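What follows is one structure encoded as structure tokens, with my remarks underneath.
Each value in this text was obtained by applying a stated rule to the coordinates, not by laboratory testing. Every value quoted in this text rests on a predicted model; they were computed, and no experiment measured them. Virtual Cβ from ideal backbone geometry, glycine too; neighbours counted across all protein chains shown.
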Amino acid sequence: MNEKTITHDESMEIIQRMILTAKNRITENGFHFILWGVLIIIASLAEYFNQKSGLGIQANLSWIVMPLIGVPTAFIYEFRRNRSNSTRSFVDTWYKYLWLGFGITLAVAITISVKQHLSPIPFILALVGFATFVSGNLYKSTPLIIGGIIFWISSLLCLVVPAPEQLLINAAATLTGYIIPGILLWKNSKSESDV
């Protein structure tokens, strides 16, 4: 078995590539925050308008359509990203399981709240706050940490706001907790990759 000794320069190049790969992961994660942020805001505002206008459109239709657009888009994006970059860090693995666990817990929380005739929005905001806060700490991203805190505060605000207006809180929290941090992450990572 032949083993090749790596020179100091080769070793430094490998380390630099690994650091750049880890930094570039944040850009791609910024994509998901922007994607889901836009879809959630559209669904929240569409549902609010539907409830307030009395048009009689199928209740919760916007929430059904949202994942039909978001899930395939996210999977296609991840498939392409993984095809071009097979490197996975420890943080990436934890990040994947965090959001997988979030998705399962979200489905359970929504099912329970709907079955109990409770608005799911406060529960959704609290869970999103948790996942966003942990994501921010995993990637050492202050905008995501602040985004998680905004989601938690918004969840508590829903305690004193009627159900239809909770949709507006959801849209505002998503703008400040997902979209703005996602754009900041994208810009930051883009500028770092240009260096």
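Miscellaneous remarks
- Contour minus Cα-Cα distance for ILE69 and LEU138 (0.36 nm per residue): 22.1 nm
- On Cα atoms only, tilt of 8-53 relative to the major axis of the chain in degrees: 10 degrees
- FRET efficiency, 1/(1 + (r/R0)^6) with R0 22 Å, evaluated for GLU10 and ARG81 via beta carbons: 0.25
- The computed volume of the Cα convex hull per residue in Å³ for the structure shown corresponds, within [x] 244; [y] 134; [z] 157, to [y].
- Stretching the chain fully between THR105 and LYS52 yields a gain of 16.1 nm (0.36 nm per residue, less the alpha carbon separation).
- Ellipticity at 222 nm from helices only: DSSP H runs of n ≥ 4 in the chain, each -39500 (n - 2.57), divided by the residue count, give -28000 deg cm²/dmol.
- The number of Lys pairs in the chain with C-alpha atoms less than 30 Å apart, excluding pairs fewer than 8 positions apart on the same chain, is 12.
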